[in-house]
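Any read-out appearing in this document is the output of simple, stated calculations on the displayed coordinates, not a laboratory observation. Remember, it's a predicted structure, so these values are computed and weren't measured experimentally. Using ideal geometry, Cβ is built from the backbone for each residue, glycine included, and neighbour counts are taken over all protein chains shown.
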């Protein structure tokens, strides 16, 4: 029994020191930690620093539109995405099932679902549709999105439940430090998590607007000078 116990302790110890990615069956890395292979954006705003995708804006030139670093190695549909992010000032987000609508002065302009986050205390964790229907769930909400009976081109957001108080979820987010973000999209159901805490749960029944597939992208937002970083980006297909 002692031998078995000792062997178990050794195996358990080895498991604990394995990199987290090694414990994630079915996930693949989509950022090599060295350069922006597989990603496309404005090289004056995006580069790799300290093993992380880094987006930086300054006071000049001042951005006139939000811009993005786009993953170019294929669209996503049903998936789980995991990454770590850090932000100093400003607002950013993770686009998914999205599309490039044009090439702007400062780089690609993207529309679609966004797992939002910021340096402030209001928007981190929400589901926002960039250049679309706007906020589809505030932090802490379960919502269902349906067509507006008066105009099917418009939508209604119905709050159907709660995941917790917004301020309590915010308290789990570390300012100017690394945080872990998880996005799960399956069919018309979307879930966001930050540091293991679920932030939104959304069912999009507005079929004419609900995207079933599209690109991934990372955002730099107009506003004050900011720095945003992403690392350990990996994804698993849920098909």
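One table, with the values for the structure above:
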{"item": "Computed [θ] at 222 nm, helices only, for the chain once each DSSP H run of length n ≥ 4 contributes -39500 (n - 2.57)", "result": "-2500 deg cm²/dmol"}
{"item": "Which of 77, 201, 148 has the fewest Cβ neighbours within 10 Å, and the rest in rising order", "result": "148, 77, 201"}
{"item": "Global geometry of the chain, whether rounded, prolate or oblate, following the gyration tensor of its Cα atoms and the 1.5 cut on a/c", "result": "oblate"}
{"item": "Tensor-based shape of the range 90-172 (alpha-carbon gyration tensor, a/c under 1.5 rounded, otherwise prolate or oblate)", "result": "oblate"}
{"item": "Ranked by how many other beta carbons lie within 10 Å on average, peptides 108-116, 157-165 from highest", "result": "108-116, 157-165"}
{"item": "Rounded to 10°, Cα long-axis angle of helix 2-17 versus longest principal axis of the chain", "result": "30 degrees"}
{"item": "Computed lengthening from residue 212 to residue 64, 0.36 nm per intervening residue step minus Cα-Cα distance", "result": "50.3 nm"}
{"item": "Label-point gap, in nm, between residue 151 and residue 36 - each point 7 angstrom along Cα→Cβ", "result": "3.8 nm"}
{"item": "Estimated distance in nm for a label pair at residue 159 and residue 238, the labels positioned 7 Å out from Cα along Cα-to-Cβ", "result": "2.4 nm"}
